[in-house]
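The values are calculated or read from the model by the stated rules, or taken from the named source; none is laboratory data. Predicted model only: the values in this text are computed from it and were never measured. Every residue, glycine among them, receives a Cβ derived from its backbone with ideal geometry; neighbour counts consider all protein chains shown.
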Amino acid sequence: MSDFAGLRIALSSLYAQRRGMEVTGHNVANANTEGYSRQRVDMQSVTGPTTGATFANWEGGGQGVQISQYVRFRDQFLEIRAALESGSEAHLSQVRYALDQLENLFNEPGDLSIQSSMTELWSGFDDVAMRPGDNASRQQLLERASTLATIFNHSSSQITALRDSAIGQLAATAAEINTTAATVAQLNEAIKSALVSDLNSNDLMDQRDLLVERLSAKVGATIRPGEFGAVNMFINGTALVHDGLSEELAVDASGSPVVVRWVKDGFAAAITSGDAGGLLETINVKLPGYSTDLDTIAVKLRDDINAAHSAIAGMIAVTNQDQSAAGSLDFQVALNGGGYTTVTIAGADWSGAGGAAALQAAGQAAVDATVGAGNATFTVSGGVGSPLVINMVPAGSNTLLAMSSGANAGFSTILGSTAVGLDGVGGRHFYEGTSAANLNISGDITSADHIGAGTAGGGIYDASVALQLAEMSSSATGADALYRSYIVALGVDSQTIQHRHDIQIATKAQVDNSRNALAGVNVDEEMVNMVQFQHAYDAAARFMTSVDEMLDTLINRTGVVGR
């Protein structure tokens, strides 16, 4: 070995220790940089020749040190699991937010909630039952009924607004996914170029992996390693990013359910995780489900009240079924808001075995003759030792009002169970509408006098109908009970999602802690490394100085003795 080889050894050590110091400084500088992975230089000794020369032998040791690689601390399996856990956490976070918004919307228990307004409605019917002729009680009942309908309308519109907002957020999320996926593909290409050129690509990988983590949280994509350091991402088996190529997603909200599609072919992307998956569940499952259930409650409220308030019906007791001496039994009806015309049914003895059929035939014929065939049905059941139950129902979308015909007792005898207002008219609907969104006081009720508190048989002040409606508050199958079940179901659903989300947060934190333990920068450890590299650099410099002094003696002082 040449005497100058010592300089090369010292120089290689200076280069290596300096590079180690620089990497340590790079770690410290990025200790708080999101997504940064700590790095380390791996050194290996430079050995002497392994094959002897023809006329010479290698008499030295090693030839110094060199950098073998720059190690980036990342665990591929932890990264894959972190992507899965991030997607699940983001999914549950979106659903939890939607359910929290629903709970805030209904605000139960609260002074302005549906439950409170429903309770006030039943109380209003009770007030009318106690004072059926009091206009103030009737007017207050209408106001409470209108308030309840308004709250239903508002709640329905807010659920729709939440869904529309979620659709907008989904579209923005899809755009962000497309942009991020394109950037990941570009970084894959840059990393490939760096590796092919034998350049350090660790920092590029950090940037790429940070975007991959964010993309996983957005769409729940799975990660697979590719060639030349690439990371490929798949949504249920379909590539979102493959090497240097990326695909785009688009939201299709033209129908129901809302679908996220691949732009390249229009097929639906099976997204079940990440922000996008959570938003899809919110848009297509959670919010529509609660909206439909709210509609069911509103329709139940409408039907229950209308069944008592708008039914044109009667019941003839066993002791009163012989009406053969009554002559004609008359009442008046108005079809679809038209003028009133008289329905005349001849009295007969309906107490026998064929009484119900005879009364039904006579009644249907009389109704057909008055309002036209097919516009209303007149049915009778019971009899033969039990009361005759009579119902007159308008067909299809027809409306039908009924009242007495002067002093004739036909209305109270045949249709005596009909709820009538203070003006003696029955058959008015109390509520109208087909859903929570359009529930409203019926157009039949234009005055507080139109509220049917009494019956045709008992008189307008008997208050039996108002009392019956007030008692609906305790019905086990009524709208009140249905709404309470609705709120309980919402609370249970929300609590379940919260627990699942909390567990997922803890699971994700465990994975992140494991990743940080491996990839995170420990400043104390880096300080120790810095001291080691500094001392090694000082020793290499001292070694170079010693070799230089030896060479100086050899070159400049040899042969000068005795001169």
Practice problem: Can you confirm whether the stretch 67-80 contains a residue that is assigned to a loop (DSSP other than H, G, I, E, B), at pLDDT below 85 and on the phi > 0 side of the Ramachandran plot? | Solution: no
Exercise. Determine whether the stretch 494-504 contains at least one residue that is of a type in the set (Gly, Ala, Ser), surrounded by 14 or more Cβ atoms within 10 Å (Cβ to Cβ) and modelled with pLDDT under 90.
Key: no
Quiz item: Would the stretch 461-471 turn up any residue that is among the hydroxyl-bearing types (Ser, Thr, Tyr) and either touching a Cys at 6+ places or on another chain (Cβ under 9 Å) or within 30 Å of Gly124 (Cα to Cα) (or both)?
Solution: yes
Self-check item: Residues being touching a helix residue (DSSP H, G or I) at 6+ places or on another chain (Cβ under 7 Å) and among the hydroxyl-bearing types (Ser, Thr, Tyr) - total across the stretch 233-291
Solution: 5
Practice problem: Taking the options Ala145, Ala149, Ala90, name whichever one is surrounded by 22 or more Cβ atoms within 10 Å (Cβ to Cβ), under 27 Å from Val258 (Cβ atoms), of a type in the set (A, V, I, L, M) and assigned by TED's automatic domain parsing to the domain that holds Asp203. | Solution: Ala90
Exercise. Assess whether Thr455 counts as being free of Cβ contacts under 8 Å to residues at least 40 places away in the same chain, crowded, with 19+ Cβ neighbours inside 10 Å and polar (S, T, N, Q).
Key: yes
Quiz item: Out of (1) out of contact with any Gly (no Cβ under 7 Å at 6 or more places or on another chain); (2) part of a helix (DSSP H, G or I), the odd one out for Glu108 is which?
Solution: (2)
Practice problem: Could you tell me whether Ile297 is of a type in the set (A, V, I, L, M), more than 30 Å from Gly457 (Cα to Cα) and touching a residue at least 40 places away in the same chain (Cβ under 8 Å)? | Solution: yes
Practice problem: Have a look at Gln504, Gln510 and point out the one that is without any contact (Cβ under 8 Å) to a residue 24 or more places away in the chain, in contact with an Asp or Glu (Cβ under 9 Å, 6 or more places away or on another chain) and more than 24 Å from Gly25 (Cα to Cα). | Solution: Gln510
Quiz prompt | Conditions (1) assigned to a helix (DSSP H, G or I); (2) over 30 Å from Gly168 (Cα atoms); (3) without any contact (Cβ under 8 Å) to a residue 40 or more places away in the chain: number failed by Ala145 | solution = (3)
Practice problem: Can you give me the number of residues within the stretch 2-43 that are charged (D, E, K, R), within 19 Å of Asn202 (Cα to Cα) and over 43 Å from the mean Cα position of the chain (by Cα)? | Solution: 5
Quiz prompt | Filter result for Lys192 (in contact (Cβ under 8 Å) with a residue 40 or more places away in the chain and more than 22 Å from the chain's Cα centre (by Cα)) | solution = yes
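Being on the phi > 0 side of the Ramachandran plot and of a type in the set (Phe, Trp, Tyr) is true for just one of Phe228, Phe234, Phe267. Which residue is that? Give the derivation first.
Values: Phe234 fails: on the phi > 0 side of the Ramachandran plot; Phe267 fails: on the phi > 0 side of the Ramachandran plot.
Only one candidate passes the filter, namely Phe228.
Tell me yes or no: at least one residue of the stretch 413-420 is surrounded by fewer than 19 Cβ atoms within 10 Å (Cβ to Cβ), in contact (Cβ under 8 Å) with a residue 60 or more places away in the chain and not in a loop (DSSP other than H, G, I, E, B).
Looking through the stretch 413-420, none of the residues is surrounded by fewer than 19 Cβ atoms within 10 Å (Cβ to Cβ), in contact (Cβ under 8 Å) with a residue 60 or more places away in the chain and not in a loop (DSSP other than H, G, I, E, B).
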Quiz prompt | Restricting the stretch 403-412 to residues that are surrounded by fewer than 23 Cβ atoms within 10 Å (Cβ to Cβ) and among the small types (Gly, Ala, Ser), the residue that is nearest to Leu469 (Cα to Cα) | solution = Ser412
Practice problem: Go through the stretch 290-344 residue by residue and tally those that are out of contact with any Ser or Thr (no Cβ under 6 Å at 6 or more places or on another chain) and among the charged types (D, E, K, R). | Solution: 5
Exercise. Could you tell me whether the stretch 352-372 includes any residue that is more than 20 Å from Val465 (Cα to Cα), of a type in the set (A, V, I, L, M, F, W, C), part of a strand (DSSP E or B) and over 51 Å from the mean Cα position of the chain (by Cα)?
Key: no
Quiz prompt | Which listed residue, of Asp493, Asp538, is acidic (Asp, Glu), over 30 Å from Asp206 (Cβ atoms) and free of Cβ contacts under 8 Å to residues at least 60 places away in the same chain | solution = Asp538
